[in-house]
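The values are calculated or read from the model by the stated rules, or taken from the named source; none is laboratory data. These numbers were taken from a predicted model, which means no experiment stands behind them. No Cβ is skipped: glycine too gets one built from the backbone with ideal geometry, and neighbour counts run over all protein chains shown. When the accessible area is computed, the model is the full protein with side chains, heavy atoms only, and any ligands, DNA or RNA have been set aside. Shrake-Rupley method; radii C 1.70, N 1.55, O 1.52, S 1.80 Å.
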Amino acid sequence: MLPYGRQSIDESDIEAVAQVLRGDWLTTGPAVAAFERDVADVAGVPTPAVAVTSGTAALHVAYAAAGVGPGDQVITTPLTFLATATCAAILGAEIVFADVSPDTGNLDPASVADKITDRTKVVAGVDYGGHPIDAPGLREVIGDRDILLLEDAAHSVGGSLDGTPVGSLADLTTFSFFPTKNLTTAEGGAVVGLDPEVVARARTFKGIGMVREPDQLRVKDEGAWWYEMPELGLNYRLPDVLAALGSNQMKRLAQFKERRQAITDRYNEGLAGLDELILPTRRPGAEPVWHLYPLRIRDGRRRALFDHLRASGIGVQVNYIPVYWQPWFADRGYERGLCPVAETYYEGEISLPMYPDLTDQQVDQVIGLIRDFVTHQH
Ligand SMILES: *Cc1c(COP(=O)(O)O)cnc(C)c1O
């Protein structure tokens, strides 16, 4: 089965990991600090990133750093992986779903504008498929309210909008380094932010709420062993073994991005001219890193095409089931029909295989199967 996504590992990645294993620091050492600078560099921010154990952990840490808690509302998109919403819910916030734009599948600023209240604490967009959110549009509807813009950039590390890198567009940006994402640490994630104080809170949260720096302590003269816990937190530390893999992968991010674009171009050409299909859109100024190739088919034939491709050995996926359809949300009164554009998007969507090591021949095989399906009215 051809997978829909997979990692690209070479000998230099294996050597980078082996080198850490032979050294003194398996965790909390120099490879983590180096990776945190690498992530900040690609994000275009001066404050080092906070490396964590997953994209889910990154979202939990980011919402905690934003001060999200009971009584707050977080506006987000239903066209995402569960964690974008659940990591705010687990902190006690009420999740408010806004609808998406039909072209990119990203949070629609007009729908967000309808949902903002005095209790809105964070607006959290997702760079669906790798296409950056409309950050300027979202900033405009937020206006001068005390609301943080969060970008779940699990799909889009290395992308940019109008020349501004993903990581510098929103107040807080989270990344995932799961194997299917644009670069991997096996499991891993990171948070970057524009305000160093918010990033410092993220760092404290991922380290069990502990601080040791003299200027952070209430008691200054107890001794060199002294630490304090001003806030609650968790252990979300990324080990050096994995951070070293991340830094080495980062050297090939531009290459990965180029290959993902070439595969997207090949799908776009190969699938052009079929009225039944909607191909992914790229808005002017956006430079996506195509984590997904989100194809859409009209006329309710998604299930049939999905089954046909799976039966032909093509490991397609659907991204995503609208989050509020999940039992946890349904049990709390969220109803189907809440975000009709996202639901229509879901109903037609199939993610085709997309990863740097996919060959042109494999892409052509997928194109051939889809063209055959569509033109022969299976
Ligand atoms: C993958 C993903 C996450 C979660 O990342 P993990 O590393 O798997 O925990 C969050 N949001 C989106 C949009 C994702 O695709």
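All but one of (1) in a loop (DSSP other than H, G, I, E, B); (2) more than 13 Å from the chain's Cα centre (by Cα); (3) not acidic (Asp, Glu) hold for Gly158; state the number of the condition that does not hold.
(2)
Every residue in the stretch 186-214 that is over 14 Å from Ala64 (Cα atoms) and more than 16 Å from the ligand (Cβ to nearest atom), please.
Within the stretch 186-214, Leu194, Asp195, Pro196, Met210, Val211, Arg212, Glu213, Pro214 meet the criteria.
Within the stretch 352-369, does at least one residue satisfy the condition of being touching a His at 6+ places or on another chain (Cβ under 8 Å), assigned to a helix (DSSP H, G or I) and open to solvent by 20 Å² or more (accessible area, probe 1.4 Å)?
So in the stretch 352-369, the residues touching a His at 6+ places or on another chain (Cβ under 8 Å) come out as 354, 369.
Filter once more, so that each one left must be assigned to a helix (DSSP H, G or I): 369.
From what is left, the residues that are open to solvent by 20 Å² or more (accessible area, probe 1.4 Å) are 369.
Among the residues of the stretch 352-369, at least one is touching a His at 6+ places or on another chain (Cβ under 8 Å), assigned to a helix (DSSP H, G or I) and open to solvent by 20 Å² or more (accessible area, probe 1.4 Å), which makes the answer yes.
Just a yes or no: is a residue in the stretch 215-233 in a helix (DSSP H, G or I), open to solvent by 30 Å² or more (accessible area, probe 1.4 Å), more than 16 Å from the ligand (Cβ to nearest atom) and basic (Lys, Arg)? Walk me through how you get there before you give the answer.
Keep residues of the stretch 215-233 that are in a helix (DSSP H, G or I), which gives 215-216.
Adding the requirement that they be open to solvent by 30 Å² or more (accessible area, probe 1.4 Å) leaves 215-216.
From what is left, the residues that are more than 16 Å from the ligand (Cβ to nearest atom) are 215-216.
Add one more test, that the residue is basic (Lys, Arg), and what stays is none.
Among the residues of the stretch 215-233, not one is in a helix (DSSP H, G or I), open to solvent by 30 Å² or more (accessible area, probe 1.4 Å), more than 16 Å from the ligand (Cβ to nearest atom) and basic (Lys, Arg), which makes the answer no.
Check the stretch 142-156 and report whether any residue there is modelled with pLDDT of 95 or more, more than 16 Å from the ligand (Cβ to nearest atom) and polar (S, T, N, Q).
Within the stretch 142-156 (the criterion being modelled with pLDDT of 95 or more, more than 16 Å from the ligand (Cβ to nearest atom) and polar (S, T, N, Q)), the answer is no, since none of the residues qualifies.
Are there any pairs, at least 6 apart or on different chains, whose C-beta atoms fall under 7 Å, with the first in the stretch 76-96 and buried (at least 21 other Cβ atoms within 10 Å of the Cβ) and the second part of a loop (DSSP other than H, G, I, E, B) and among the hydrophobic types (A, V, I, L, M, F, W, C), and if so, which?
From residues that are buried (at least 21 other Cβ atoms within 10 Å of the Cβ), the pairs are Thr77/Ala98; Pro78/Cys339; Ala88/Val68; Ala93/Val68.
Just name the residue that is farthest from Thr77 (Cα to Cα) out of those in the stretch 111-141 that are small (Gly, Ala, Ser) and either open to solvent by 10 Å² or more (accessible area, probe 1.4 Å) or at pLDDT below 95 (or both).
Residues of the stretch 111-141 that are small (Gly, Ala, Ser), as a first pass: 111, 113, 124-125, 129-130, 135, 137.
Adding the requirement that they be either open to solvent by 10 Å² or more (accessible area, probe 1.4 Å) or at pLDDT below 95 (or both) leaves 111, 113, 137.
On the way: Ser111: 10, Ala113: 13, Gly137: 15 Å.
In this case the residue turns out to be Gly137.
Given the conditions (1) within 16 Å of the ligand (Cβ to nearest atom); (2) open to solvent by less than 10 Å² (accessible area, probe 1.4 Å); (3) of a type outside the set (S, T, N, Q), which single one is not true for Gly55?
Status for Gly55: all satisfied but (2).
Among (1) assigned to a helix (DSSP H, G or I); (2) within 16 Å of the ligand (Cβ to nearest atom); (3) out of contact with any Phe, Trp or Tyr (no Cβ under 9 Å at 6 or more places or on another chain), where does Gly129 come up short?
With respect to (1) assigned to a helix (DSSP H, G or I); (2) within 16 Å of the ligand (Cβ to nearest atom); (3) out of contact with any Phe, Trp or Tyr (no Cβ under 9 Å at 6 or more places or on another chain), Gly129 is out only on (3).
Report whether or not Ser156 is farther than 20 Å from Phe205 by Cβ and of a type in the set (Ser, Thr, Tyr).
Against the criterion (farther than 20 Å from Phe205 by Cβ and of a type in the set (Ser, Thr, Tyr)), Ser156 qualifies.
Read through the list (1) surrounded by 23 or more Cβ atoms within 10 Å (Cβ to Cβ); (2) acidic (Asp, Glu); (3) part of a loop (DSSP other than H, G, I, E, B), then give the number of the only condition that Glu151 fails.
(3)
Looking at the stretch 62-70, is at least one residue open to solvent by less than 40 Å² (accessible area, probe 1.4 Å), closer than 18 Å to His155 by Cα, assigned by TED's automatic domain parsing to the domain that holds Cys87 and out of contact with any Lys or Arg (no Cβ under 9 Å at 6 or more places or on another chain)?
Yes, the stretch 62-70 contains a residue that is open to solvent by less than 40 Å² (accessible area, probe 1.4 Å), closer than 18 Å to His155 by Cα, assigned by TED's automatic domain parsing to the domain that holds Cys87 and out of contact with any Lys or Arg (no Cβ under 9 Å at 6 or more places or on another chain).
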